[in-house]
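First the structure, in the form of structure tokens, and then the observations on it.
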Amino acid sequence: MAKSSGLAVLALLIAVGALGLGVYQMFSAVPGDEGSGIKNTWDKSHYSPLYTNPTGTLLPVSQLTINFTVSSGEHVYFYFNTWAVVYAGVNSYIEFHFMLDGALLSSPPYPWWVFRTFGDRIESPISCQLSHDSVTAGAHYVTISISGSDIDNNIRSSTLFVQTYVP
């Protein structure tokens, strides 16, 4: 009988400790900012190949255009993912830029990306991302722009993703 009362006392102590910890967290822990976090998400996909023809020209990818809305205080996150093919050649490439409201976002201060070969044909998944903290409140649109050195260079199985968030 002594063993069972010892176990009962131990169980009672654990229960009281857990209850006390719960009450402590309820009254003394600082809650997170209720307004922070992800607010809205949009995405668009296009699976067919898109070629860099004509070469050396920035070509907006209209098939991936996303209309989105930013509220006051929100930041915007852009993410682009694709499969890129660059044909063999000396300095053969595909270049990628985000375009916001028809304007090219490029450096400085915004990044742009190049997938390049100096010889053999190459292909690979490509991912580009950008967090933008100064997009004004209101309606906007975004897409990707591509440019390349060969009319057969292309992207396919592409996805563009947009999120608004409050840090």
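Report yes if some residue within the stretch 140-156 is farther than 16 Å from P60 by Cβ and part of a strand (DSSP E or B); otherwise report no.
The answer is yes, given that some residue of the stretch 140-156 is farther than 16 Å from P60 by Cβ and part of a strand (DSSP E or B).
So the check is Cβ under 8 Å with 6+ separation or different chains; which pairs have a first residue in the stretch 143-167 that's surrounded by fewer than 19 Cβ atoms within 10 Å (Cβ to Cβ) and a second one that's modelled with pLDDT of 95 or more and of a type in the set (D, E)?
Filtered contacts from the stretch 143-167: T159/D43; F161/D43; Y165/E74; V166/E74.
Among the residues of the stretch 103-110, are any within 16 Å of the chain's Cα centre (by Cα) and either over 30 Å from G35 (Cα atoms) or among the aromatic types (F, W, Y) (or both)?
Within the stretch 103-110 (the criterion being within 16 Å of the chain's Cα centre (by Cα) and either over 30 Å from G35 (Cα atoms) or among the aromatic types (F, W, Y) (or both)), the answer is yes, since at least one residue qualifies.
Failed condition for S134, given (1) more than 24 Å from N40 (Cβ to Cβ); (2) among the polar types (S, T, N, Q); (3) surrounded by fewer than 15 Cβ atoms within 10 Å (Cβ to Cβ), with all others met?
(1)
The values are calculated or read from the model by the stated rules, or taken from the named source; none is laboratory data. What you see is a predicted model; the values in this text were computed from it and never measured. FYI the Cβ positions are ideal-geometry reconstructions off the backbone, even for glycines, and counts take in every protein chain you see.
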